[in-house]
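Peer 1: Submitted below is the structure of interest, expressed as structure tokens.
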Amino acid sequence: MSIFDQLPGAVASTAQSTRAASTAHGNPICSRKACGQSASWQLLWNNPRIHTPERRKTWLACSEHREWLEEYLTTRGLWKQTLPLEGSPAAP
């Protein structure tokens, strides 16, 4: 976070804001850079070098980018689980 992120009306940095971002209507959107589609999946991950084993961070994914984001996290040894996002068409 930079000091500019603390200014009223400032947009948080991409790394902080897009991972669990929402549109103006409150709909969760995909965490993939430049994607504005509604999210249907939540990808749970953690970085074992800096997080405790039980901690889970969440990225959101649309159906189009789910596989890409899973592969990105898996390649780095960070991916733990993918679940449907509650209230989305992917949820049971």
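Peer 1: Evaluate the distance, in nm, between pseudo-label points positioned 7 Å from the Cα of Asn27 and of Arg49 along their respective Cα→Cβ axes.
Peer 2: That separation, rounded to one decimal, is 3.7 nm.
Peer 1: Apply the Karplus curve 6.51 cos²θ - 1.76 cosθ + 1.60, θ = phi - 60°, to the phi angles in the range 36-41 and return the couplings in whole Hz, x for Gly and Pro.
Peer 2: The phi angles translate into x, 6, 5, 7, 10, 9 Hz.
Peer 1: Would you grab the residues whose amide H sits under 5 Å from the one on Trp79? Only those 5+ places off in sequence or on another chain, please, with H modelled 1.01 Å from N.
Peer 2: Here Thr74 satisfy the definition.
We did not get these values from a lab; they are worked out from the coordinates using the rules stated. None of these values were measured; they are calculated from a predicted model. Ideal geometry is used to build each Cβ from the backbone, glycine not excepted, and the neighbour counts take in all protein chains shown.
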